[in-house]
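Have a look at the structure below before the remarks.
The values are calculated or read from the model by the stated rules, or taken from the named source; none is laboratory data. Computed from a predicted model, the values in this text were never measured in an experiment. Please note: Cβ atoms are built from the backbone with ideal geometry, for glycine as well, and neighbour counts cover all protein chains shown. Heads up: the accessible areas ignore ligands, DNA and RNA and are worked out on the full protein's heavy atoms, side chains in. Shrake-Rupley method; radii C 1.70, N 1.55, O 1.52, S 1.80 Å.
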Amino acid sequence: RWVLGHLFQISIIGFLIIFQTELRRGLTRIGQTPLFRSLLKEENVVHEIIKSVFSMAQAKTGALIAIEREVALKAYSENGIALDGMLSSELIQTIFAHNTPFHDGGIVVQGSRVLAVGCVFPLSTSQKLSKNLGMRHRAALGLSEETDALIIVVSEETGGVTVMNQGKITREIDEEKLKASLAELYQTHRSPVKARAASARKENT
């Protein structure tokens, strides 16, 4: 058993050495597949949003981020300033930095891109919103009542993070809960896109 055990370990090392070129090519091909690239991009987007949100929360920098789902946010992005930039933590934090022109507005995110900045969202008239929450929270709730977007608010007064989703308010959310919400959003968002692509290929054939 001792000899066989050591032979097995040596054979694995030998296999890796002999077929290292083929293994490297295989891993490269996997990394080039559209699904794998899509998963990596989504994971990176989630990471960048979380990084920016909690960096701003720590600095008590107010922010209003609307992430598009199935209902298009074109009407709201058009009342802002078009950007269409690749989403990154640095970009989001720069947009909402104090004394910048777009600090008080919202941003619209579609997939991995920031479509527009300085956007104005409809204010909610709901009485369930706490009186100590400001205009950002009321605008976020208003947009969540009219669309299926996921809206993230960072309070400038407390640094607390709130998520609005279809009229539901979740306050004082932590990194793990936000990560779970974003992961679910991008996972469910990917399925309809794939379905539409498959439908288009079928029509073309």
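Do any residues in the range 98-117 that are among the small types (Gly, Ala, Ser) have Cβ atoms under 7 Å from those of residues that are outside any strand (DSSP E or B) and open to solvent by 40 Å² or more (accessible area, probe 1.4 Å), where the two are at least six apart or on different chains, and which pairs are they? So the pair list comes out as Gly105/Val120; Ser112/Lys41. Filtering the range 157-190 to residues that are within 14 Å of Glu70 (Cβ to Cβ) and charged (D, E, K, R) leaves Glu184, Arg190. Residues that are in a strand (DSSP E or B) and not hydrophobic (A, V, I, L, M, F, W, C) within the range 165-189 comprise Asn165, Lys168, Thr170, listed in sequence order.
Candidates in the range 80-103 are the residues that are assigned to a loop (DSSP other than H, G, I, E, B) and touching a Phe, Trp or Tyr at 6+ places or on another chain (Cβ under 9 Å); of these, the one that is most open to solvent (accessible area, probe 1.4 Å) is Phe102. Scoring Glu42 on the criteria (1) out of contact with any helix residue (DSSP H, G or I) (no Cβ under 6 Å at 6 or more places or on another chain); (2) at pLDDT below 90 leaves a single failure, condition (1).
Is it the case that the range 124-142 has a residue that's exposed (fewer than 15 other Cβ atoms within 10 Å of the Cβ), closer than 26 Å to Gln187 by Cβ and not polar (S, T, N, Q)? Scanning the range 124-142, I find no residue that is exposed (fewer than 15 other Cβ atoms within 10 Å of the Cβ), closer than 26 Å to Gln187 by Cβ and not polar (S, T, N, Q), so the answer is no.
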